[in-house]
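None of the figures in this text is laboratory data; all of them are computed from the coordinates on show. As the structure is a computational prediction, the values presented were derived from the model and not from experiment. As a convention, Cβ positions derive from the backbone with ideal geometry for all residues, glycine included, and neighbour counts pool all protein chains shown.
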Amino acid sequence: MHSAQRIARALFTAAAAAILTVGGGVAVAEAADNPYQRGPNPTQSTLDASRGPYAVATENVSSLVSGFGGGTIYYPTTTGEGTFGAVAISPGFTATWSSLSWLGPRIASHGFVVIGIETNTLLDQPGQRGDQLLAALDYLTRSSSVRSRIDSSRLAVAGHSMGGGGSLEASRTRPSLQAAVPLAPWNATKSWSTLRVPTLIIGGESDSVAPVASHSIPFYNSIPSASEKAYLELNAASHFFPQSVNTLTGRLAVAWLKRFVDNDTRYDQFICPGPTGSGVEDYRNTCPLS
């Protein structure tokens, strides 16, 4: 965990533990406001819905930008709640952003600025996709028309397949990132022992392209527990589960981003102990979260 995060969370915890004495001598704890907290109290039904509490607008990004192949930005329309964290998401090998586009408005509607990128070529490898995710975040925070809506200290990455492998690459390159969410990640590198970014990996039990036994699970096991990590394996899911609406993926991805980008402990309940039911083949985590 980054030192700035430790300090912020320590201050938040200390403040939350402050005790006030009210009428009749009854002591109650008053939680301090989290400056990054956005949106109403979450429930499973709100996370499982197709949209969260924020109205969302979109903007196209030209392929002429530097460092990545353009894409689409999704952002909350409100300007009355301060800045938001931002997430860059990459598609997989031979795929375009349209294959994952349901994730853009879904995540943005919970209080994030999201950029779904197009890669420079459809054949780009994980390392290249990682570089492009970082270039997209730099574009968002420095050049885009929505840059004033973004807190540049609260950034995250995600991606599918080689894009998921790219999100691991980006996290290792830029440890100041607050969260990563690789989906059915593929990468020839199996050890991520130097990764320090809180990482949620979601894999499919029946994935024959990036089998969890040789990709998601070794990736998860190699990440240090001190970094905070979780692994969700979807029952009977193929490699292509992120390419259509998947409720468990949406629920846990949003909860992870809210917890680690927004430091919002209201979302702990969805991570610890985590999802259960017929759609879950396996779930592992580093609970309790610090």
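Observations on the structure shown:
- Rounded to 10°, Cα long-axis angle of helix 247-261 versus longest principal axis of the chain: 60 degrees
- Computed over the chain: relative contact order in percent, which uses C-alpha pairs under 8 Å that are six or more apart: 16 percent
- Computed over the chain, the Cα gyration tensor eigenvalues convert (square root of 5λ each) into semi-axes of 30, 22, 18 Å, ordered from largest to smallest.
- Label point distance in nm, T276-L64, each placed 7 Å from Cα along Cα→Cβ: 5.6 nm
- The equivalent ellipsoid of the range 42-153 has semi-axes of 24, 17, 11 Å, largest first, where each one is the square root of 5 times an eigenvalue of the Cα gyration tensor.
- Choice from G127, G277, G39 with maximal GNM fluctuation in the chain (Cα, 10 Å cutoff): G277
- Derived scalar couplings between HN and Hα for the range 192-200 equal 10, 5, 9, 6, 10, 8, x, 10, 10 Hz in order, rounded to whole Hz, by the Karplus curve 6.51 cos²θ - 1.76 cosθ + 1.60 (θ = phi - 60°), x for Gly and Pro.
- Net length gained if the chain between T121 and A55 were fully extended (0.36 nm per residue, minus Cα distance): 20.6 nm
- Against the chain, whose longest principal axis is taken from its Cα atoms, helix 3-16 shows a tilt of about 30°.
- Antiparallel %, DSSP beta bridges [both residues in the chain], to 5: 45 percent
- Global geometry of the range 176-290, whether rounded, prolate or oblate, following the gyration tensor of its Cα atoms and the 1.5 cut on a/c: oblate
- Residue with peak Gaussian network fluctuation, the chain [Cα springs, cutoff 10 Å], from N221, N41, N120: N41
- Projecting the Cα atoms of I150, G164, L133 onto the charge dipole of the range 104-167 (Cβ charges, centred on the Cα centre) puts I150 farthest toward the positive pole.
- Computed over the chain, the per-residue total of -39500 (n - 2.57) for DSSP H runs of n ≥ 4 gives a 222 nm mean residue ellipticity of -8000 deg cm²/dmol, rounded to 500.
- Subtracting the Cα-Cα distance of S145 and C287 from their residue separation scaled by 0.36 nm leaves 47.3 nm.
- Fluctuation leader among Q128, Q243, Q44 - the chain, Gaussian network, Cα springs under 10 angstrom: Q44
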